[in-house]
Amino acid sequence: MSIFSLITGRAGPSGFGSASTAEDVTRGVDASNLTAIITGGASGIGLETARVLALRKAHVIIAARNMNAANEAKRVILKQDEKARVDVMKLDLASIRSVREFADKFLKLDLPLNILINNAGIMFCPYQVSEDGIEMQFATNHIGHFLLTNLLLDKMKETAKISGVEGRIVNLSSIAHIHTYKGGILFDDINKKRSYSDKRAYGQSKLANILHANELNRRFQEEGVNMTANAVHPGLIMTPLMRYSPFLMKLLKAFSYFLWKTVPQGAATTCYVAIHPSLKGVSGKYFVDCNEIKASSYGRDELLARKLWDFSNKLITSASKPLH
């Protein structure tokens with residue numbers, strides 16, 4: 001999408017553009033036969049995504065670290081539609097233990113699972129490591145979602161096979177994936193502390209989101225399963241994600257006000273990729289403003305995607321080993 005399209009909101013080939021809202025892109029879509037998990041669905045574009053999918057009659061599970069915020073999100077959605085199907089479950093993506101507990105509890109509910117929206121994330125945080133000893137942005141934005149997806153994949157494949165309805169995985173990435181470390185992913189020093197860059201670490205994690213979706217797509221194609229995986233950039237939105245750099249974000253917004261979106265506009269691409277019928281069979285792509293564009297060269301590197309998959313599995317296995 002061009003800068004002109006971003007400024008004017010002019011629609012692209014999909015019929016939608018930067019000015020489209022989540023309600024716009026899902027109008028007329030019946031999602032009553034769908035069950036969706038949305039990580040970080042308690043605030044920002046995650047909440048708007050949950051609200052709109054529930055409005056389209058999907059059964060929405062809000063997975064969130066802050067249960068007070070999650071329950072408030074549920075209350076807001078039910079206030080709009082008392083018949084909405086919304087449940088909340090605790091999930092801390094920075095904790096491998098929490099991810100495993102969430103997956104176990106969800107699977108015990110014996111619900112179908114058609115859509116997984118890996119939405120939650122943190123941005124530009126000071127250097128810190130997770131309880132598993134992994135750099136926090138990489139742990140939260142990628143590793144937590146990578147493990148969650150793997151733990152739920154069999155359920156999604158089973159649902160797709162039994163229902164005949166295509167399963168869809170949507171990874172929220174960012175245009176920031178172009179601003180990463182040399183080589184794309186610091187496989188040899190993922191916990192890099194010396195000369196740590198909060199911006200490049202964020203870009204690295206967002207690149208990982210794209211590579212994860214691409215490798216999922218390759219595996220789906222190889223297995224012949226009725227599933228898709230795509231990555232999206234929601235756009236520039238002032239949400240709680242900006243809490244670590246409020247002054248920088250406000251300054252940036254002052255000089256680029258014409259590029260910023262509202263929360264309903266920010267959730268549009270996620271909702272479009274998650275449930276719009278025109279994207280049936282479309283997989284391994286990167287979307288901005290509800291239109292497919294090319295990711296960076298790193299984001300299109302198949303070997304890098306395979307290497308990240310293996311690295312992520314090994315990192316989780318290593319972090320999960322009990323200490324003696």
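The values are calculated or read from the model by the stated rules, or taken from the named source; none is laboratory data. Remember, it's a predicted structure, so these values are computed and weren't measured experimentally. Don't worry about glycine lacking a Cβ; one is built from the backbone with ideal geometry, like all the others, and counts go over all protein chains shown. Only protein heavy atoms, including side chains, enter the accessible area calculation; ligands, DNA and RNA are left aside. Shrake-Rupley method; radii C 1.70, N 1.55, O 1.52, S 1.80 Å.
Rg and Dmax over the alpha-carbon atoms of the chain stand at 18.3, 60 Å.
Once the other residues with Cβ under 15 Å from the Cβ of Ala36 are scored (Lys, Arg +1; Asp, Glu -1), what is the net sum? Within the 15 Å Cβ shell, the charges total +3.
Leaving out ligands and nucleic acids, and using a 1.4 Å probe, what accessible area per residue does the chain come to in Å²?
Numbers: 14570 Å² over 324 residues.
For the chain, the per-residue accessible area is 45 Å².
Evaluate E = 1/(1 + (r/R0)^6) for Arg10 and Lys321, where r is the Cβ-Cβ distance and R0 equals 56 Å; express this FRET efficiency to the nearest 0.05. Computed FRET efficiency for Arg10 and Lys321 comes out at 0.60.
Checking the cross-link pairs Lys105/Lys206; Lys90/Lys199; Lys206/Lys261; Lys74/Lys105; Lys105/Lys155; Lys90/Lys261 against a 22 Å limit on the alpha carbon distance flags Lys105/Lys206; Lys90/Lys199; Lys90/Lys261 as lying beyond it. Only helices enter this figure: runs of n ≥ 4 DSSP H residues, each worth -39500 (n - 2.57), summed and divided by the residues of the chain, yield -13500 deg cm²/dmol at 222 nm to the nearest 500. Considering only Leu53, Leu211, Ala19, the residue lying farthest towards the positive end of the dipole of the chain is Ala19, judged by Cα position with unit charges set on Cβ. Solvent exposure of Asp310, expressed as accessible area, is near 80 Å², computed with a probe of 1.4 Å over the protein chains only. Our note on the geometry: Cα centres of the range 113-165 and the range 18-67, 17 Å apart. Whole-percent P(r), the range 171-227, all Cα pairs, 5 Å bins from 0: 4, 19, 24, 18, 14, 10, 7, 3, 1.
Cα convex hull, the range 60-187: 147 Å³ per residue, rounded to a whole number. For the chain, the dipole from Cβ point charges (+1 on Lys and Arg, -1 on Asp and Glu) about the Cα centre works out to 420 debye, to the nearest 20.
Only protein heavy atoms count here; under a 1.4 Å probe, His276 has an accessible surface of about 40 Å².
Entry note, the chain: relative contact order of 21 percent, from Cα contacts under 8 Å with a spacing of 6+ residues. Can you tell me what share of the DSSP beta bridges in the chain is antiparallel? A percent to the nearest 5 is fine. Counting only bridges with both partners in the chain, antiparallel ones make up about 15 percent. Among the GluC sites (Glu not before Pro) found in the range 1-93, those both in a DSSP coil and sparsely packed, with 13 or fewer other Cβ atoms within 10 Å of their Cβ, are Glu82. Write down the percent of antiparallel bridges among all DSSP beta bridges whose residues are both part of the range 1-156, to the nearest 5. The antiparallel fraction comes to roughly 5 percent. Could you check which residue among Leu236, Leu53, Leu211 shows the biggest mean-square fluctuation in a GNM of the chain with a 10 Å Cα cutoff? Greatest mean-square fluctuation among the candidates belongs to Leu236.
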